[in-house]
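A.B. asks: Below is a structure I'd like to ask you about.
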Amino acid sequence: MADERIAAGAARSPLGATAPSPHLVASGANAEVREHPFMTQVCIRLDPGSEALARVPEVLGVPLPAEPNRLERAGDRVALWLGPDEWLILAPA
């Protein structure tokens, strides 16, 4: 359903009407802030010592970072370390 709305142009990103150019929110001399619209977000909470944690990379296609405040990338997927037992997985819709 969501894919059909995006393809038909019915879906609009939250910043789509306010950005100076597509997905560029702000820019300065040394940095740019860009929106990545329509991302799938999944939060995972697992015991760090569990067997299930070892299977996550195979199931989701991205390894989980083992250190605080780090991220791991695999293709178009990103896993962010949020806490000792919590990760956020981002992927295109």
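A.B. asks: Given the conditions (1) in contact (Cβ under 8 Å) with a residue 24 or more places away in the chain; (2) farther than 14 Å from MET39 by Cβ, report the number of the one that PRO92 does not fulfil.
C.D. replies: If we test PRO92 against (1) in contact (Cβ under 8 Å) with a residue 24 or more places away in the chain; (2) farther than 14 Å from MET39 by Cβ, just (2) comes out false.
A.B. asks: Report, by residue number, each residue of the stretch 49-77 that is β-branched (Val, Ile, Thr) and open to solvent by 80 Å² or more (accessible area, probe 1.4 Å).
C.D. replies: Hit for the stretch 49-77 is VAL59, nothing else.
A.B. asks: Scan the strands (runs of 3 or more DSSP E) fully inside the stretch 26-93 and keep the ones with 1 or more residues being under 12 Å from the mean Cα position of the chain (by Cα).
C.D. replies: 39-45, 71-74, 77-83, 86-92
The values are calculated or read from the model by the stated rules, or taken from the named source; none is laboratory data. As the structure is a prediction and not an experimental result, all values here were calculated from the model. Neighbour counts run over all protein chains shown; Cβ positions are idealised from the backbone, glycine included. Note: areas computed on protein heavy atoms with side chains; ligands, DNA, RNA excluded. Shrake-Rupley method; radii C 1.70, N 1.55, O 1.52, S 1.80 Å.
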